[in-house]
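Working notes, structure below.
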Amino acid sequence: MLLGRLGLETARLPHADRHGLISLDRGHLTVEDGCLAFTCAGGGSTPPGRYGLPHQSVSLILLGPGSMVSHDALRLLARHGVGLAAIGEDGVRFYTALPLLPDFSSLARAQATFWADERKGRLMVARRMYALRLGEVLPTAISQCCAGSRGRG
């Protein structure tokens, strides 16, 4: 679909080899000739002007107040694994962000499996969370006592 239009067939860099982030505000984030471009009106932390952005070598773009993003820009960022976060004035608020995780669901599946197993899974998770948060392991006898008294009134 539209080969060459957005540079979608070009290679992507792993996040370990990329720069951290770019902060932009009060402008328009668009795509021109397959490259990400930001036109800034000025008045914020970004000086006025037109900027070509190295989207393949950035992990996250922080987009501040007064900014707009085109659909093509979102598609290009998603294709190259670049996160986009909406932030408040001077980065004080953090409104949205896309996860920068690989595309697999093993963590969600494991969580659902532990939740569904009332007898063993939930108790194991509770004991591990207790140990992580409080720095001590909950004795097995206490955890079995508490689990057994759940149904008593």
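The values are calculated or read from the model by the stated rules, or taken from the named source; none is laboratory data. Source: prediction; values computed, not measured. All Cβ positions, glycine included, derive from the backbone under ideal geometry; neighbour counts span all protein chains shown. Ligands, DNA and RNA are stripped out before the accessible areas are found, and what is left, the full protein with its side chains, is counted by its heavy atoms. Shrake-Rupley method; radii C 1.70, N 1.55, O 1.52, S 1.80 Å.
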Karplus 3J(HN,Hα) series, Hz, for region 31-43 with 6.51 cos²θ - 1.76 cosθ + 1.60 (x for Gly, Pro)
10, 10, 6, x, 10, 6, 9, 10, 9, 9, 7, x, x
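Hey, with R₀ at 35 Å, roughly what FRET efficiency would ASP117 and THR39 work out to, going by the Cβ-Cβ distance, to 0.05? Mind dumping the intermediate values first?
Working: r = 54 Å, r/R0 = 1.54.
E between ASP117 and THR39, to the nearest 0.05, is 0.05.
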Percent antiparallel among DSSP beta bridges confined to region 28-89, rounded to 5, stands at 60 percent
Roll a 1.4 Å probe over the protein heavy atoms and report the accessible area of ILE22 in Å², nearest 10.
40 Å²
What FRET efficiency comes out for GLU32 versus THR96 if R0 is 30 angstrom and r is the Cβ-Cβ distance? Round to the nearest 0.05.
0.75
Share of Cα-Cα pairs in region 29-109 beyond 19 Å, whole percent, is 41 percent
List, in order, the whole-Hz ³J(HN,Hα) value for each residue of region 109-124 obtained from phi through the Karplus relation with A = 6.51, B = -1.76, C = 1.60 and θ = phi - 60°; use x for Gly and Pro.
5, 5, 4, 5, 5, 5, 5, 6, 8, 4, 6, 9, x, 5, 5, 4
